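Report on the structure given below.
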Amino acid sequence: MRTRILIRILQFPAAFGIVIGIALLYHKVLPVNATTVALTFLLAILAVSTIWSMAVAVVMSLAAMLAFNYYFLPPTGTFRVANAEDWVALLAFLAVAVISSHLSTRARQKAADAFARQRDVEKLYAFSQGLLESRNVMELVNRIPGQIVNAFEVGAAALFLADKQKVYRSGPVIPQLDTESLKSILARDEPVIDAANSVSFLPVRMGVHPVGSLGISGTVLSRQTLEAIATLIAVAMEHARAVEQVGQTEAAREAEKLRTALLDAVTHALRTPLTSIKASVTNLISNPSLAGAQRQELLTIINEESDRLNRLVGEAAEMARLDAGEVELKVEPLPIDHVITAALDRFRASLGSRVVHVKVADGLPRARMDVARAREVLVHLIENANQYSPPDQPITITAEASGDFVVTSVADRGSGIDDPERALVFEKFYRGKDQRYSVEGTGMGLPIAKAIVEAHGGSISLTSQRGHGSVFSFTLPAERSRSSAAPVRP
């Protein structure tokens, strides 16, 4: 503040110096006519009024009139005016100088106001962009004060919401921005600008109803800017509420779709074994004199279908545990070909006569894994390939190193998967649209495999081409990588 006052004071002697310099230049060095001198003085006065202030320009105009009279109007060397025409010239010079200074100052002020308004608009735009990034009301109200402090370069900001009876702040705690002051502004429902204390208050309205109040300290903003800030806050809060409601509606819709998918999957998966069991039991009850071979066949059907039901229930329970993060992994380094062999042994009966090619790269590092869980992943992928490809087509299992991971892939020569479906195959209960009623299953195998792989710190992916088959690949950390020890949660 003192520096600014000192600069303002020094502007006056600087203006006198300019006048004296022009006068001595034309009087001693470069003799010219009086008109040229007057125009030079006017140009200097206009420049000073544009750069400095009106007060300096008026004082400079008086000094220029006196210098013009002393050095260039006869009799020179005195302040006496010989004739009336010279009086008219002096007064006209002074009037033109003062009016020009006034117009120049006004133009400079308007330019400064326009620049300030442009900066305010830019700040309001940045402020609005920051507000619209919030997706819920609580996140929004917590970031509003900080956005105001950053966007408008103020010292502190406080937002009071009437429905929560809570104040959200950013910046240092200012006594003037206390809760009672904010509540009083809400009750008054009109802005208050205290320039002496650099504090501004304004209500925040949703339509015509006040929903809160805002206090700003450190920099006094214009009333128009303050009202624009309040409007933007109200619009942002309404936008955040609308986004929240849309999200809740979408979540409810997705939950309903999931329930429908679950019902469809459970109905389809459980109906077939239950139908077989029911038919076999009915046949046994209604025909007690069945031959031993026939009776044994029906009992075998009951046994197999019961195992199948038990497996379906087990998959559902395992998926629930994986979702809840209740699975602990017993991680140890093992060769991946051990897991491939174990998975094929477990699934050999279901493969029948199908050819399976296994290609394991030489010198593979051991993979860090829970061997039972890794085998389960591979079984799910082999089962998927077996179900969705013709029985006369082979399945290819490959393993190779990639960076700090061991990559295992299962390729089939089935019909392939369209692009829109690729993002859905790892969703719970989803089954291919072309085979969902012709291929048995619950749609839980791939989601279970995905959850297990991610619990190991790996990833699972799908590459597919319509009419040429699909390749499912998953990664497990190699022994040399730093992998988390158990327990590991998906």
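The values are calculated or read from the model by the stated rules, or taken from the named source; none is laboratory data. These numbers come from a predicted model, not from an experiment. Here Cβ is always computed from backbone atoms with ideal geometry, including for glycine, and neighbour counts include all displayed protein chains. In case anyone asks, the SASA skips ligands and DNA or RNA and just uses the protein heavy atoms, side chains included. Shrake-Rupley method; radii C 1.70, N 1.55, O 1.52, S 1.80 Å.
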Cα-projected label distance for Ala82 with Thr282, points at 7 Å along beta-carbon direction, nm: 13.8 nm
Answer label, with Cα Rg over 2.2 N^0.38 Å calculated from the coordinates and candidates [x] 1.86; [y] 0.96; [z] 1.22: [x]
Nearest 10 degrees, 0 to 90: helix 292-324 Cα axis against the chain principal axis: 20 degrees
Binned Cα-Cα distance frequencies in the stretch 181-227 - 5 Å width, integer %: 5, 26, 32, 24, 10, 3, 0
Degrees between helix 84-132 axis and first principal axis of the chain (Cα, 0 to 90, nearest 10): 10 degrees
Order by protection proxy (mean Cβ within 10 Å, highest first), peptides 21-30, 213-222, 396-405: 213-222, 396-405, 21-30
Degrees separating the helix 137-152 axis from the principal Cα axis of the chain, which is the longest one: 30 degrees
Relative packing of peptides 283-290, 166-173 - highest average C-beta neighbours within 10 Å first: 166-173, 283-290
Efficiency of FRET from Cβ geometry, Ala111 and Ile5, R₀ 30 Å, rounded to 0.05: 0.80
Where the chain is the region considered: accessible area per residue in Å², 1.4 Å probe: 55 Å²
Inverse mean reciprocal Cα-Cα distance (Kirkwood Rh) of the stretch 81-122, Å: 12.6 Å
Total lysine pairs under 26 Å (Cα atoms) in the chain, excluding pairs fewer than 8 apart on one chain: 11
Rg in Å to one decimal, and Dmax rounded to a whole Å, for the stretch 344-417 via C-alpha atoms: 13.0, 36
Where labels lie 7 Å past Cα in the beta-carbon direction, separation of Ala342 and Leu274 in nm: 3.5 nm
Fraction of accessible area attributable to carbon and sulfur, the chain (%, probe 1.4 Å): 57 percent
222 nm mean residue ellipticity, helices alone, for the chain (DSSP H n ≥ 4; -39,500 (n - 2.57); rounded to 500): -20000 deg cm²/dmol
FRET efficiency estimate (nearest 0.05) - Cβ-Cβ, Ser198 to Tyr70, R0 60 angstrom: 0.80
